[in-house]
Amino acid sequence: MKRDRVIFVLFLSPLIAFMIIMVFVPFVIALLSSFGLTEVAEGLTGEFTLNGYVTFFDPSEPNIQCLLFTIEVTFVATFLSTAIGYFLALFFKFRDVKLTKGISMILRIPLFTPYLIAAFMWFTLLFPSGYIGIIFKKLIVEYFGLMDKPLALISDPLGIGIIMCSVWMRFPVAFMIIYGLFEMIDPSLEEAGRNLGAKTWTIVRRIYFPLTKYGLLSAITLNFLFLFIAFSIPFILGASWPQFLSVFIYINAKDTGNWLMGYTTSIIYIVISLLISFIYTISFRRTGQQ
Amino acid sequence: MNKDSLNKILDTIIVIFLSVYIFFPILVAFAFAFATKWFPSHWWFPQEFGVKWFEELLKSAPVINSLVLSYMIAFFVTLFTLTISLLAGYVLGTKAFRESFKSTRLIENLSNIPLAFPAITLGIGLLPVYARLGLLGTIPGVIFAHMVMAVPYALRSVIGAFLSVPEDYEEAARNLGAGRLYILLRIYLPLVWPGILAGAIFSFTWSLNEFVLTLFLGYPKIETLPVQIYQLVGGYYLHPQMAAALSLFLLVPSIILLYLIEKASKFGSTMAMGG
């Protein structure tokens, strides 16, 4: 037993040491710095202050606007990606289309694509000389005359570019989670429903949806978390204002040298991210139990 | 035309639309990389294809340096990540240790925490640590930074592989007098190697594509491929063709390697790389 304990400690010590130095210590530094309690960067005096948090939640300051913009864009992208994934799962489940290995592989391609490359690929599509940029201009401005000048699809204040790229990257996740759960549902439940005269929509609403609601919540939270903490996509496709929270931290720290705000925003960002992960963990467990 | 035929056509249209939606951005990136003449008046298709942009890239010393540097950093990230993950994965994934030490679950869960952290917040926290240790803008600094996210992925994969080995194998070996090292080398390693391989591929691909922490802690002294791409698309001058050509050096290996994980192992979960 004593030998086991020695092996246990010895084998885990590189992992624990690494995590302490590379994750725990930086987190503690960020936490203390957000209250001004360190002198690790310019503008931090080592004296306790709540200025960072007071400024962050002041509606007239840009910080809270960045948080709200991040939540809004992430919410829209999560909603669209999950809705596409859900309807696609329904399509493959209820139509006479087999999810072949080929289609399954194609659906995974966005998952294999690195964030930065995906952002760049959508940049080439959406910038004014890109396919979607040109088609949008020709249709909306020149053909239908709905606008005087084309809407910016990248570096835009609505986050259209971020949303389009994020939806492309994340809808397969929702599809795979939900389709996997659909396949696990006992087919006799559907058969019983059909024998009683239920139409497909009723079967979806009364059988499939209730049995996959926690899986759906898992897909939503997983997609929300991945987009909420993303950096490359908003960095390449986002506007100079309003900024995504991750980009805002980068600009605050690296360009404007406002380290107190950089650390405060980081702590708020981490807390929200951990809360979302917690919801994901709960829903994932519930899915397993169901 | 009867209802069945119409339904079949509709289904085929949806599948084609889905494939186009997925492939279109990738095909456009390829078109940008290989188009040598593309006049605005004929915007729908390039007029001439060639490898001009690849030749330009290969003539550029900073690009060659970043290419070599990226693959070298990825190699060391994989090596160090696997060392940590294999040692920890053995004690966290084998039943004997899981039953004897209640803290295994807690350690396993805590090791996953970086996955929920926005990478930029780790970067801002690491900055003073790196400044104190003299790691800012150094290759070892970038290697350690890449490992922060690579370790949890690799560890999950390795733990999954150890957990999948039936516990009777170890018991049978013990009953026959085998020692712990012998069991690890002769029983576990031959069975868990797909999980280790998946962890290695994950670490390598993650490092190759990591952008945020490199930009924060390595740039401008360390320029990896993602940083070079960023400079061509979001930096001071815009060159989508060169960026597209360069991005294929990341996109193609990433898709092939992650596809191999999917084929070879059940221990990896697929996801995009590089935050």
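The values are calculated or read from the model by the stated rules, or taken from the named source; none is laboratory data. What you are looking at is a predicted structure, and each value in this text was computed from that prediction instead of being measured. Note: ideal-geometry Cβ built from the backbone for every residue, glycine included; neighbour counts use all protein chains shown.
Hey, A:N252 hits all of (1) touching a residue at least 40 places away in the same chain (Cβ under 8 Å); (2) under 27 Å from A:L158 (Cβ atoms) but one; which does it fall short on?
Unmet condition: (1).
Could you check how many residues of the stretch A:233-260 are on the phi > 0 side of the Ramachandran plot and at pLDDT 90 or above?
0
When you scan the stretch B:1-116 for helices (runs of 4 or more DSSP H) that lie fully inside it, which ones turn up with 2 or more residues that are at pLDDT 90 or above, surrounded by fewer than 15 Cβ atoms within 10 Å (Cβ to Cβ) and within 11 Å of another protein chain (Cβ to nearest Cβ)?
Hits in the stretch B:1-116: B:3-34.
With respect to A:A230, is the statement that it is among the hydrophobic types (A, V, I, L, M, F, W, C) and at pLDDT below 90 true?
Spelling it out, it is not the case that A:A230 is among the hydrophobic types (A, V, I, L, M, F, W, C) and at pLDDT below 90.
Looking only at the stretch A:30-39, count how many residues are without any contact (Cβ under 8 Å) to a residue 12 or more places away in the chain and either part of a loop (DSSP other than H, G, I, E, B) or facing chain B (nearest Cβ under 9 Å) (or both).
Residues flagged as without any contact (Cβ under 8 Å) to a residue 12 or more places away in the chain and either part of a loop (DSSP other than H, G, I, E, B) or facing chain B (nearest Cβ under 9 Å) (or both) within the stretch A:30-39 amount to 3.
One line per residue, one yes/no per condition, for (1) buried (at least 17 other Cβ atoms within 10 Å of the Cβ); (2) within 10 Å of another protein chain (Cβ to nearest Cβ); (3) modelled with pLDDT under 95; (4) assigned to a helix (DSSP H, G or I):
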residue: A:R5; (1), (2), (3), (4): no, yes, yes, yes
residue: A:F11; (1), (2), (3), (4): yes, yes, yes, yes
residue: A:A41; (1), (2), (3), (4): yes, yes, yes, no
residue: A:G52; (1), (2), (3), (4): yes, no, yes, yes
residue: A:T55; (1), (2), (3), (4): yes, no, yes, yes
residue: A:P59; (1), (2), (3), (4): no, no, yes, no
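Would you mention how many residues in the stretch B:117-134 are at the interface with chain A (Cβ under 7 Å from one of its Cβ atoms) and surrounded by fewer than 20 Cβ atoms within 10 Å (Cβ to Cβ)?
1
Are there any pairs with C-beta distances below 8 angstrom linking a residue in the stretch A:99-114 that is within 7 Å of another protein chain (Cβ to nearest Cβ) to a residue that is of a type in the set (D, E), with the two at least 6 apart or on different chains, and if so which?
Final answer for the pair search is A:R108/B:E262.
Only residues that are surrounded by 24 or more Cβ atoms within 10 Å (Cβ to Cβ) and out of contact with any Leu (no Cβ under 7 Å at 6 or more places or on another chain): list them for the stretch B:181-202, please.
B:V192, B:G195, B:A198, B:F202
Might you check whether a residue that is assigned to a helix (DSSP H, G or I), buried (at least 19 other Cβ atoms within 10 Å of the Cβ), out of contact with any His (no Cβ under 7 Å at 6 or more places or on another chain) and of a type in the set (A, V, I, L, M) occurs anywhere in the stretch A:182-189?
no
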